[in-house]
Amino acid sequence: MDTVVSGIRSTGNLHLGNYFGAIKNFLKMQRENNCYFFIADYHALTTHPKPEDLHGNIKQVLAEYLACGIDPEIATVFIQSDVPEVSELYLLMNMNAYVGELERTASFKEKIRKQPDNINAGLLTYPVLMAADIIIHKANKVPVGKDQEQHLEMTRRFARRFNMMYDVSYFPEPDAYNFGEQLVKIPGLDGSGKMGKSEGNGVFLADTPQEIRKKVMRAVTDTGPAAPVQEPTEPVKNLFTIMNVVSDQDTVKFFTEKHAACEIRYGDMKKQLAEDIIKFTDPIRTKINEILADNKYLAKVAANGAEKARESASKTVREVRKIIGYRSF
Ligand code: TRP
C-alpha cells in the first residue's frame, strides 16, 4: 500500500479537464492506497486573492471534490492551512533549496512572464512548499500531470539532499503515481490547448445547463470537412475528444461517420455534446449544491481531515527537528 499525496490549488472551480484528467482516477486510487488529498490554499496566496474570495474558493473546491466522489471516510481530505506543521517543514527545507535551482524552474519563469508585477518570494519557493506537502506524509507516490513533473523531480531532489546531508534514509523519494492507462487530456472549447481555469475555455462541473449549452454552442470548429475521409482539424478533434468521455459510443460513431462523409452539421454535434455533458455534470452539480448548503458537514470533513493530517505531519516534523539537531535541554 502506497502513501499518496495530491494537492489542488483553491483558485477556482473544477472543470471537466480536472475530472477526467485526474479526479476520476482518484476514485479508484483512494481505495487502494493511503491517500492524502488537500486543498493548497497557502499556494493560492501567490496570486494574492482577496480575503473574501479565499474562503469561498476553498469551500467551493472542497465541496466539488467531495461531490465527485472523493471519500473522506477512506482518504484524508484536508485544507493545507489547517496543518501549520507544513509551514515549519517548508522553512526547514528552504535552507537546503538553492536560489539558482528555484530560479531555473519552468513554472517560476512562466509566472515571471505572466505576473511581472507580483514576483514574490512565495512564487520562487513554490516547489519547496509543494515538496513539504508531499514529504511531510512521507509519501512515495504523487499523481502529477505534465505541468507538475518538474516539481515532483525537485521534491525527489530535496528529499535526497536532506537524507544525504544528515546521513539518514528518512524521506522516501516519491514517484509519479502510475494509473496504468493513458491519462485523458481534455482540450478546451477554444480550438487549441487543454482545458484550464483561467483560459476561459472550460466547462465547469458547477455550470448550469444553460451555461453549458451557451459555451458548447460557441465552441470553435472549422468551416467543415472539404474532402471525404479527411482527418478532423484540431478544434473539431477536440470536440470529439470531449464527446468520447461524456457520450455513448454510438453517438461518437454517428458523428465520426457524418464527418468522414462530409455530412456533418457542427450545430447538431454541439447540441448533442452539450446535452451529454449536462447529463454527466448535472448529478454532480446537484451534489455540489447539497454539500455547499450543509456547512456542518463541510466543517466536520475539514476538522476530521485536519486531525488525521496533523497526526502524520507533526510526527514527521518532530523527527526532522531531531535529525537536524534540535534537542530539548
Ligand atoms: N502545484 C500543484 C498544482 O498546481 C498543486 C500542489 C501543491 C500539489 N502541493 C502539492 C500537487 C503536492 C501534488 C502534491 O497543480
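The values are calculated or read from the model by the stated rules, or taken from the named source; none is laboratory data. Worth saying up front: this structure is predicted, and the values here are computed from it rather than measured. Cβ coordinates were reconstructed from backbone atoms using ideal geometry, including for glycine residues, and neighbour counts include every protein chain displayed.
If you go through segment 11-50, how many residues are under 20 Å from residue 307 (Cα atoms) and surrounded by 21 or more Cβ atoms within 10 Å (Cβ to Cβ)?
9
Please work out which one of (1) out of contact with any Phe, Trp or Tyr (no Cβ under 7 Å at 6 or more places or on another chain); (2) not in a loop (DSSP other than H, G, I, E, B) is the condition residue 169 fails and give its number.
(2)
Could you pull out the residue among 161, 156 that is surrounded by fewer than 22 Cβ atoms within 10 Å (Cβ to Cβ), part of a helix (DSSP H, G or I), more than 15 Å from the ligand (Cβ to nearest atom) and assigned by TED's automatic domain parsing to the domain that holds residue 104?
161
Yes/no matrix, rows are residues, columns are (1) in contact (Cβ under 8 Å) with a residue 24 or more places away in the chain; (2) closer than 21 Å to residue 190 by Cβ:
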site: 219; (1), (2): yes, yes
site: 229; (1), (2): yes, no
site: 238; (1), (2): yes, yes
site: 254; (1), (2): no, no
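Name the pairs whose Cβ atoms lie under 6 Å apart, with the first residue in segment 269-294 and of a type in the set (Lys, Arg), the second buried (at least 20 other Cβ atoms within 10 Å of the Cβ), and 6 or more positions between them or separate chains?
Short answer, once both residue conditions are applied: 270/216; 287/67.
Condition first: part of a helix (DSSP H, G or I) and either modelled with pLDDT under 95 or in contact with a Ser or Thr (Cβ under 9 Å, 6 or more places away or on another chain) (or both). Now tell me which residues in segment 214-256 satisfy that.
Within segment 214-256, 234, 235, 236, 238, 239, 240, 243, 246, 255 meet the criteria.
When you check residue 138 against the structure, is it in a helix (DSSP H, G or I), over 18 Å from residue 11 (Cα atoms), modelled with pLDDT of 95 or more and of a type in the set (D, E, K, R), yes or no?
Answer is no for this residue.
Could you list, in sequence order, all residues of segment 98-148 that are more than 11 Å from the ligand (Cβ to nearest atom) and in contact with a strand residue (DSSP E or B) (Cβ under 8 Å, 6 or more places away or on another chain)?
Scanning segment 98-148 gives 138, 140.
Out of the residues in segment 164-185 that are small (Gly, Ala, Ser) and under 23 Å from residue 31 (Cα atoms), which is farthest from the ligand (Cβ to nearest atom)?
180
Have a look at 168, 144 and point out the one that is in contact with a Leu (Cβ under 6 Å, 6 or more places away or on another chain) and assigned by TED's automatic domain parsing to the domain that holds residue 38.
When all the criteria are applied, what remains is 144.
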